[in-house]
Each structure stands twice: as C-alpha cells, then as structure tokens.
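Visitor: Handing you a structure now.
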Amino acid sequence: ILHFISDQIFQVLNLIIIILYRVGDGGEFLGIGGTWNLNEEKSADCEIVASGVMVGFFIYTGCHTIAYLFGTTKHKKELTDTIMNVVGTFMWVAVGGTALHYWKGYMKDSDYLYVASERQVGLAMGALCVIEGALYLLDTVLACIHYSKGDSEFMQ
C-alpha cells in the first residue's frame, strides 16, 4: 500500500504543478521561463521540455496507479521503474532549477518591483518541481535498498 500512497503523492503534486504552469499568471499561461532578454520572452525550448516532463510523468504515474488498482505492484520491482525514478530526479530538478532561476530575477516592466503575483507563483512552482525531484530521489534510494537486499527481480 506504501507504493500506492507514494504514487498518489506524485500524482497530486504533479497535477498542482501542471495547474500552476498553465494558469498561474492570473488565469494566463505562466510557464517556466528559461531565458533572459529585453522582452522577457520565455524560451520555447525550456517550455517544451518542461511540459514534456510534467505531462509525461503525470501519465507515467497514472499508469502505475491503474496497475496498482488491478492488483499488481510487480512494476515496482523492475529495473525500468528505478531508471524512470533516476530520470525523474534529474528532469524535475532541472525544470525546477530553471524556473527558480528565471522567476527569482523576474521584474514587471511597469512596476519595477520584485513583488509580483506571477513571480511568487513561479517561485512556488519551481520549488514544487524541486520537491518532486527529491521525492523521486527518495523512491530511487528505496528501490536500491530493495535491490541490495535481493527483494527485487533485478537479480533474476
């Protein structure tokens, strides 16, 4: 049941991040950012990677939940799950780090203030992405502990 709960935590946190990403700027697209230019335009490359990570891991975790509801946790003992956790760790931290870097220095053109609602939402979204990466790291460590104890099918 612990696997089911961890998948649900991943799923809920991921959904919150997607909502902030999509409508975090007062109902408008917030985005990750990832560029520094005079027009404060966001980098399309960063947005493509970020949305791919968010939606891709939302679907991946959803598939885990469906598999659990069918009564199996066999997927948790496979090497591919551990590899996806490692990839998730790096990708979520990269997306979160990019968001934190962009939104930390963001300043509205007309206000010349560092306090802006979209800036605060962007920083919160970046922090949640880093937390999601940390949770994937924790899941990776737990999978490696199970592997070292011989509790998995890696060794067969």
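The values are calculated or read from the model by the stated rules, or taken from the named source; none is laboratory data. Values in this document were obtained by computation on a predicted structure and should not be read as measured data. Don't worry about glycine lacking a Cβ; one is built from the backbone with ideal geometry, like all the others, and counts go over all protein chains shown. Ligands, DNA and RNA are excluded from the accessible area calculation, which covers all protein heavy atoms including side chains. Shrake-Rupley method; radii C 1.70, N 1.55, O 1.52, S 1.80 Å.
Visitor: With respect to Asp81, determine if the residue is under 16 Å from Phe10 (Cβ atoms), acidic (Asp, Glu), out of contact with any Cys (no Cβ under 6 Å at 6 or more places or on another chain) and modelled with pLDDT of 85 or more.
Guide: Values: under 16 Å from Phe10 (Cβ atoms): yes; acidic (Asp, Glu): yes; out of contact with any Cys (no Cβ under 6 Å at 6 or more places or on another chain): yes; modelled with pLDDT of 85 or more: no.
So Asp81 fails the test.
Visitor: Let me ask something else. Inspect segment 101-116 for any residue being open to solvent by 50 Å² or more (accessible area, probe 1.4 Å), at pLDDT 85 or above and either closer than 30 Å to Ile83 by Cβ or outside any helix (DSSP H, G or I) (or both) and give the result as yes or no. Working first, answer last.
Guide: Step one: filter segment 101-116 for residues open to solvent by 50 Å² or more (accessible area, probe 1.4 Å), giving 101, 104, 107-115.
If we keep only those that are at pLDDT 85 or above too, we end up with 101.
In the following step, the residues that additionally are either closer than 30 Å to Ile83 by Cβ or outside any helix (DSSP H, G or I) (or both) were identified as 101.
Yes, because at least one residue in segment 101-116 is open to solvent by 50 Å² or more (accessible area, probe 1.4 Å), at pLDDT 85 or above and either closer than 30 Å to Ile83 by Cβ or outside any helix (DSSP H, G or I) (or both).
Visitor: Now a separate question. For residues in segment 1-51 being under 15 Å from Met91 (Cα atoms) and small (Gly, Ala, Ser), which is modelled with the lowest pLDDT?
Guide: Here the residue is Gly34.
Visitor: Taking Tyr147 and the conditions (1) of a type in the set (Phe, Trp, Tyr); (2) modelled with pLDDT under 80; (3) open to solvent by less than 50 Å² (accessible area, probe 1.4 Å), which numbered condition does it fall short on, given that it satisfies the others?
Guide: (3)
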